[in-house]
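Engineer: Sharing a structure, written as structure tokens. Questions coming.
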Amino acid sequence: MWLRTSCDICFEVGVPTPFILMLRPRSGANQWISSEFYTIKPTVQVLEYTDGYGNLCQRLIAPPGILSIHTNADIRTSEQVDVAPGAPFEEVQTLPDTVLTYLLPSRYCESDRFIDLAQEIVRGYTPGYDQVDAVNGWLRANIRFNPAAGLSQLSAVEVNLAGEGVCRDLAHLGIALCRALCIPARMVVGYLYGLRPMDFHAWFEAYVGGRWYAFDPTQREPRGGRVIVAYGHDAADVAVFTQFGPPLFPTRMAVGVERLANARE
């Protein structure tokens, strides 16, 4: 399926302020970026680099006044998300070197605090994909997805205590539970076609059976129509914007995803 994603963000900047933006999806095995439009007003010098996770990042210094950022992209992505019941657990000693880092506790995913709970959730399930699917089901049943739960970043421990959270929070807890089972897991941020209310979306991926699989505890069934913008250990690695200095909040932020005409496919 072909999707057109868009994002508009505005800030009122009081003093020269450094920003790092992470708003450009990149082509990969599961998505193809056929065209892209990216504007920043006023015109400033922008330096782009690729971070340690392969995400495209843009650095700039915003002058005082209104900073306006607009992006849109036409992207081909899958209408379904891959599932693999029975895919086996990968022994730690055979994992690729680049995957090992996703076994470690991180700022928002205190996996060392969830060993007992994780074992309880997956009792009786075959190690590997089926265990992750059990974790995903447990999250749907026990942690309420509440898009209005608040703006503060919650760690997995805090989400478990609160019993509710936004998509990012449920992903944090899912990641922590997977890592507690020695299953590599990482945060994904991007777009989801048909999401209500529309916004940037977060889910997690787990590494089983020799590859990464997507899991989204906010959705009742596996859903495609996803566009990936960034990967990381947790939300600290995948912020769509980071500014340094006096705190700034967007005065406007609008996200859109529309399906393009079938003729394009």
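Engineer: Apply the a/c threshold of 1.5 to the C-alpha gyration tensor of the chain and tell me whether it is rounded, prolate or oblate.
Structural biologist: prolate
Engineer: What order, most packed first, do the peptides 24-33, 92-101, 178-187, 240-249 have when packing is the mean number of other Cβ atoms within 10 Å of each residue?
Structural biologist: 178-187, 24-33, 240-249, 92-101
Engineer: May I ask for the equivalent-ellipsoid semi-axes of the stretch 92-236, computed as the square root of five times each C-alpha gyration tensor eigenvalue and listed largest first in whole Å?
Structural biologist: 21, 17, 15
Engineer: How charged is the neighbourhood of ARG107? Take every other residue with its Cβ under 10 Å from the Cβ of ARG107, and add Lys/Arg as +1 and Asp/Glu as -1.
Structural biologist: -3
Engineer: For the chain, build the charge dipole from Cβ charges (+1 Lys, Arg; -1 Asp, Glu) around the Cα centre, then report which of ALA235, SER155, PRO64 sits farthest towards its positive end.
Structural biologist: PRO64
Engineer: Turning to a different aspect of this structure: Considering the options PHE215, ILE115, LEU139, tell which one lies farthest towards the positive end of the dipole of the stretch 92-236, charges being +1 on Lys and Arg and -1 on Asp and Glu at the Cβ, about the Cα centre.
Structural biologist: In the stretch 92-236, that residue is PHE215.
Engineer: Quick one: net charge around LEU56, please, counting Lys, Arg +1 and Asp, Glu -1 for every other residue with C-beta under 12 Å from its C-beta.
Structural biologist: Net charge in that neighbourhood comes out at 0.
Engineer: Which cross-chain or sequence-distant (5 or more) residues have an amide H under 5 Å from the amide H of LEU248, H modelled 1.01 Å from N in plane?
Structural biologist: The answer is none.
Engineer: Among residues other than ARG252 whose Cβ falls under 11 Å from its Cβ, what is the net charge (Lys/Arg +1, Asp/Glu -1)?
Structural biologist: Around ARG252, the charge tally is -2.
Engineer: Quick one: Karplus J couplings for the stretch 66-71, per residue in order, coefficients 6.51, -1.76, 1.60, θ = phi - 60°, nearest Hz, x for Gly and Pro?
Structural biologist: 8, 9, 10, 10, 9, 9
Engineer: Next question, about the same structure. Distance from the Cα centre of the stretch 113-178 to that of the stretch 189-228, in angstrom?
Structural biologist: 15 Å
Engineer: For the stretch 68-147, compute Rg over Rh where Rg is the Cα radius of gyration and Rh is the Kirkwood radius from the inverse mean 1/r over Cα pairs.
Structural biologist: 1.06
Engineer: Can you give the Kirkwood hydrodynamic radius for the stretch 28-118, in Å, rounded to one decimal and based on Cα pairs?
Structural biologist: One over the average 1/r among Cα pairs gives 18.2 Å for the stretch 28-118.
Engineer: Could I ask something else about it? Only four residue types carry charge here, +1 at the Cβ of Lys and Arg and -1 at the Cβ of Asp and Glu. Report the dipole size of the chain about the Cα centre in Debye, rounded to the nearest 20.
Structural biologist: Dipole of the chain, to the nearest 20 debye: 640 debye.
Engineer: Any chance you could run the full-extension gain for GLU36 through ILE66? It's 0.36 nm times the residue separation minus the Cα-Cα distance, nm to one decimal.
Structural biologist: Gain in length upon complete extension: 8.5 nm.
Engineer: Just to check I understand the Karplus step: with θ = phi - 60° and J = 6.51 cos²θ - 1.76 cosθ + 1.60, what whole-Hz values come out for the stretch 118-129, glycine and proline as x?
Structural biologist: Per-residue couplings from phi come out as 4, 5, 5, 5, 9, 4, x, 9, 5, x, x, 4 Hz.
None of the figures in this text is laboratory data; all of them are computed from the coordinates on show. Because the structure is a prediction, the values reported are computed rather than measured. Positions of Cβ are backbone-derived with ideal geometry, glycine not excepted, and every protein chain shown enters the neighbour counts.
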